[in-house]
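To keep things clear, I will list the structure first and then write my remarks on it.
The values are calculated or read from the model by the stated rules, or taken from the named source; none is laboratory data. In this text the structure is predicted, and so the values were computed from the model without any measurement. Virtual Cβ from ideal backbone geometry, glycine too; neighbours counted across all protein chains shown. When the accessible area is computed, the model is the full protein with side chains, heavy atoms only, and any ligands, DNA or RNA have been set aside. Shrake-Rupley method; radii C 1.70, N 1.55, O 1.52, S 1.80 Å.
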Amino acid sequence: MKVITANRLIDGEVVFQGENGAWVELIGEARLLEGKDAVAEALALAAKSVASREIVDPYDIEIKDEDGKRVPERLREKIRAAGPTTHPALGKQARS
């Protein structure tokens with residue numbers, strides 16, 4: 001399984017591509033992608049958001065299901081998905 005991630009230009013927030021190309025802040029709300037064609041389609045849709053200066057640097061990441069929650073495979077992406085690492089009461093980890 002994969003999802004598309006990027007950074008929102010207005011505030012730098014890590015975002016994930018949700019249904020219909022909307023950008024959401026939580027990985028649990030991201031659109032799940034299976035197969036190369038689905039990823040290519042999602043990246044093409046993300047390119048439109050880049051062109052409209054909504055997001056920058058979209059790319060796909062591998063995720064897995066861990067205790068009923070979507071979790072990125074790579075440590076870098078786990079940190080990005082959780083929010084700032086300064087304190088567990090801050091960022092996305094405080095909301096999940």
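Identify the single condition in (1) modelled with pLDDT under 95; (2) open to solvent by less than 60 Å² (accessible area, probe 1.4 Å); (3) of a type in the set (Ser, Thr, Tyr) that Thr86 does not satisfy, given that it satisfies every other one.
(2)
Which count do you get for residues in region 25-78 that are farther than 12 Å from Lys2 by Cα, in contact (Cβ under 8 Å) with a residue 40 or more places away in the chain and part of a strand (DSSP E or B)?
5
Please work out if Val14 is open to solvent by less than 60 Å² (accessible area, probe 1.4 Å), in contact (Cβ under 8 Å) with a residue 12 or more places away in the chain, β-branched (Val, Ile, Thr) and in contact with a Phe, Trp or Tyr (Cβ under 7 Å, 6 or more places away or on another chain).
Criteria not met by Val14.
Could you figure out which of (1) of a type in the set (Asp, Glu); (2) touching a Gly at 6+ places or on another chain (Cβ under 6 Å); (3) at positive phi isn't true of Glu29?
Glu29 satisfies all of (1) of a type in the set (Asp, Glu); (2) touching a Gly at 6+ places or on another chain (Cβ under 6 Å); (3) at positive phi except (3).
List the number of the failed condition for Thr5; all other conditions in (1) open to solvent by less than 40 Å² (accessible area, probe 1.4 Å); (2) in a helix (DSSP H, G or I) hold.
So the condition that Thr5 fails would be (2).
Select, from Glu19, Glu29, Glu34, Glu13, the only residue that is at pLDDT below 95 and under 17 Å from Arg70 (Cα atoms).
Glu19
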